[in-house]
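A quick write-up on the structure given underneath.
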Amino acid sequence: MKKNIINGKIVFFMIFSALFVWPAAFDASIANVRVKIAINGKKNITLNNKVGDNIVKFVSSAPLEEIRGSADGISGSFTLDFDNLKVSHGTISVEVASMQTGVSTRNRHLFSDEWLDARRYPKLVFQLNSLENMQIIRDDNAVFEIKADAVGIFSMHGESKEIKAPVTIKYVKESPATKQRADGDFVMITGKFKVALKDFKIKGAGGFIGKKVGEVIDVELTLFGSTAQQ
């Protein structure tokens, strides 16, 4: 009986280790993993609409109205370090004036000093500082794809806040097929995150927030870039 109890404890410990200790070790080791796509060192990527249409979509859901919009005035660059993906970094900017909601009057309100104040704060900026919780989705001779949390500082309306955005990053090696669209290796990033207006001191006008404008805005991004020098 005593031997069975001891064996049971050993089995429990092994299961506990597999569930809670190994994932942490895996997350730490993936930063230095050698991938089959045979990429080494730092790769500098610049957003490029020739690769694909860079776009940010946003949704405001409130009891009296749902507003859907998008922005395409997107620029930026970032570095993926394939010797240590965790320390990847970069900056992405969105021109406030490129944001469209489908109604011209509503666009003007959005740009006004009561809302985003485009004159004083013409850009929304995300500064990527690191990648965390990485999981390899695909790794072959041509494509490397991971899911990760992009951690960085999001700035809007003169305020900044650290956010963690779940993203999928796909890296495609240059080939005759890709060169028909643009030079260099390609990168595609998709992701989603939420923005609470109060965190950026956006008060709006006429008590709209919470009634016609959501207190929290859902943001979805699709970004394309390449390693080719622009």
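The values are calculated or read from the model by the stated rules, or taken from the named source; none is laboratory data. These numbers were taken from a predicted model, which means no experiment stands behind them. Note: ideal-geometry Cβ built from the backbone for every residue, glycine included; neighbour counts use all protein chains shown.
The combined condition, being part of a loop (DSSP other than H, G, I, E, B) and in contact (Cβ under 8 Å) with a residue 24 or more places away in the chain, is fulfilled by Tyr121.
Working carefully through the options Gly152, Gly184, find the one that is at pLDDT 95 or above, among the small types (Gly, Ala, Ser), crowded, with 19+ Cβ neighbours inside 10 Å and part of a strand (DSSP E or B). Spell out how you get there, then give the answer.
Working: Gly184 fails: part of a strand (DSSP E or B).
Within the list Gly152, Gly184, the selection yields Gly152.
When Pro63 is tested against (1) part of a loop (DSSP other than H, G, I, E, B); (2) under 21 Å from Gly206 (Cβ atoms); (3) in contact with a strand residue (DSSP E or B) (Cβ under 6 Å, 6 or more places away or on another chain), just one condition goes unmet, and that condition is (3).
The residues of the range 187-204 that are touching a Leu at 6+ places or on another chain (Cβ under 9 Å), buried (at least 16 other Cβ atoms within 10 Å of the Cβ) and free of Cβ contacts under 8 Å to residues at least 40 places away in the same chain, listed by number, are Ile189, Phe193.
Only one entry in Phe200, Phe208 is over 12 Å from the mean Cα position of the chain (by Cα) and more than 17 Å from Val94 (Cβ to Cβ), namely Phe208.
Residues of the range 187-210 that are at pLDDT 95 or above, outside any strand (DSSP E or B) and basic (Lys, Arg): Lys198, Lys201. Take Ile146 and decide whether it is farther than 15 Å from Ile92 by Cβ, under 18 Å from the mean Cα position of the chain (by Cα) and either β-branched (Val, Ile, Thr) or not assigned by TED's automatic domain parsing to the domain that holds Thr91 (or both). Spelling it out, Ile146 is indeed farther than 15 Å from Ile92 by Cβ, under 18 Å from the mean Cα position of the chain (by Cα) and either β-branched (Val, Ile, Thr) or not assigned by TED's automatic domain parsing to the domain that holds Thr91 (or both).
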